[in-house]
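**Q** Take this structure first; my questions come after.
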Amino acid sequence: MFRDSEVPQGSIDGTNRVFTLAYTPDPPQSLLLTLNGVVQRPGTDFTLSGNVITYASPPQPGDTHLAWYRTVAAPPPSTLGINKSDAISLISSRLGSRTGLDTYIVQELTMAQSALEATEPLPWFLVAAATLGTYPGVEYVGLPEDFLREYAESGHVSSATLQVSEGWKPLQKVGIHRIQDMLPSQGPPTYYAVVGGKMYLRPIPDASYSINLVYYARDAVLSNVDKNRWLTYAPDVLVSYAGRQVARYLRDQAAAQMFQEDLALAMQRLTTQTISRAVASTDPRFKGFEDE
């Protein structure tokens, strides 16, 4: 799941540097931490150990800080969606209360998630953020392990920004051939291209910089956790997809057709929701874009 605008817990008294998060960021680089609205640089402004943040300098009275991060921890039972046991039970019940299929159903849930994360449009709840660190003289940075693809809204040149002295500067996305055609000069990066698991930069970084990347992240798999974002926000999609495959395995054509019909409706709902959220966040007719 994704933790949004969480306040790290601890005393802001001018001496304390240690604060705790409700969950452990996973992966650790998914943590985006701000102090008084300024993004903090991991390894320079703070360090992270588990769910414990240690600032290089203690925040002062009146300071405010917020954290955004991903975690594999399951939400409380009262929250949205269902858990893995619920999904297994639901699929089994829809197949006539079949037994002995639990392990196989989990495998199909995992396969369904893998297939859905290779299908466009990717859903809104897979959007995540990570801070990447450059090294002087190295022309690329590694992408997060859970990286699926960049998140780019209509009208925006890229999903990456570079921290400079004046704040955050958008990086311009180009093709890898454009990167290769540029002279390997050094300086603050201006252009980037994503190839495989790397982000190539030009100019080549002349110092250590922080790059904030907004992207679609692969969700935690249900073989490792009891609940993930798919079961939280789109359980109908995952259950219908996996249920269809289980029904085919059992040669139950009637059940397979039922699951297929459910899947079509669930996918239509999720696609409409994803598109609606994207439009609401970029359409200038909505409040918040008056200065653009």
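**Q** Identify, by number, the condition in (1) more than 15 Å from GLY243 (Cβ to Cβ); (2) in a loop (DSSP other than H, G, I, E, B); (3) at pLDDT below 90 that ARG98 doesn't meet.
**A** Going through (1) more than 15 Å from GLY243 (Cβ to Cβ); (2) in a loop (DSSP other than H, G, I, E, B); (3) at pLDDT below 90 one by one, ARG98 breaks only (1).
**Q** Let me ask something else about it. Please state which one of TYR69, TYR23 is closer than 30 Å to VAL237 by Cα and part of a strand (DSSP E or B).
**A** Working: TYR23 fails: part of a strand (DSSP E or B).
Answer to the check: TYR69.
**Q** Can you name the condition, by its number, that VAL221 falls short on among (1) surrounded by fewer than 19 Cβ atoms within 10 Å (Cβ to Cβ); (2) β-branched (Val, Ile, Thr); (3) over 23 Å from THR71 (Cβ atoms)?
**A** Answer for VAL221: the failing condition is (3).
**Q** Could you go through the range 236-245 and let me know if any residue there is under 21 Å from the mean Cα position of the chain (by Cα), surrounded by fewer than 21 Cβ atoms within 10 Å (Cβ to Cβ) and at pLDDT 95 or above.
**A** First pass over the range 236-245, keeping only residues under 21 Å from the mean Cα position of the chain (by Cα): 236-238.
Then keep just the ones that are surrounded by fewer than 21 Cβ atoms within 10 Å (Cβ to Cβ); that gives 236.
From what is left, the residues that are at pLDDT 95 or above are 236.
Yes.
**Q** Further question on the same structure: Of the residues LEU162, LEU231, which is buried (at least 18 other Cβ atoms within 10 Å of the Cβ), under 30 Å from ASN83 (Cβ atoms), in contact (Cβ under 8 Å) with a residue 12 or more places away in the chain and not basic (Lys, Arg)?
**A** Step by step, each of LEU162, LEU231 is checked, and only LEU231 is buried (at least 18 other Cβ atoms within 10 Å of the Cβ), under 30 Å from ASN83 (Cβ atoms), in contact (Cβ under 8 Å) with a residue 12 or more places away in the chain and not basic (Lys, Arg).
**Q** Same structure again: Just to be sure, is THR44 under 23 Å from GLU145 (Cα atoms), out of contact with any Cys (no Cβ under 8 Å at 6 or more places or on another chain) and surrounded by fewer than 12 Cβ atoms within 10 Å (Cβ to Cβ)?
**A** It is true that THR44 is under 23 Å from GLU145 (Cα atoms), out of contact with any Cys (no Cβ under 8 Å at 6 or more places or on another chain) and surrounded by fewer than 12 Cβ atoms within 10 Å (Cβ to Cβ).
**Q** As an exercise: evaluate VAL141 against (1) in contact with a strand residue (DSSP E or B) (Cβ under 7 Å, 6 or more places away or on another chain); (2) surrounded by fewer than 15 Cβ atoms within 10 Å (Cβ to Cβ) and give the number of the one condition it does not meet.
**A** If we test VAL141 against (1) in contact with a strand residue (DSSP E or B) (Cβ under 7 Å, 6 or more places away or on another chain); (2) surrounded by fewer than 15 Cβ atoms within 10 Å (Cβ to Cβ), just (2) comes out false.
**Q** Of everything in the range 13-34, what is over 25 Å from GLY81 (Cα atoms), crowded, with 19+ Cβ neighbours inside 10 Å and not polar (S, T, N, Q)? Give them in sequence order.
**A** If the condition is that a residue be over 25 Å from GLY81 (Cα atoms), crowded, with 19+ Cβ neighbours inside 10 Å and not polar (S, T, N, Q), then PHE19, LEU32, LEU33 are the ones that fit.
**Q** Select from the range 132-184 the residues that are under 28 Å from PRO25 (Cα atoms) and among the polar types (S, T, N, Q) and list them in ascending order.
**A** If the condition is that a residue be under 28 Å from PRO25 (Cα atoms) and among the polar types (S, T, N, Q), then THR134, SER158, SER159, THR161, GLN163, SER165 are the ones that fit.
The values are calculated or read from the model by the stated rules, or taken from the named source; none is laboratory data. This one's a predicted model, so the numbers in the text were calculated from it and none came from an experiment. Ideal geometry is used to build each Cβ from the backbone, glycine not excepted, and the neighbour counts take in all protein chains shown.
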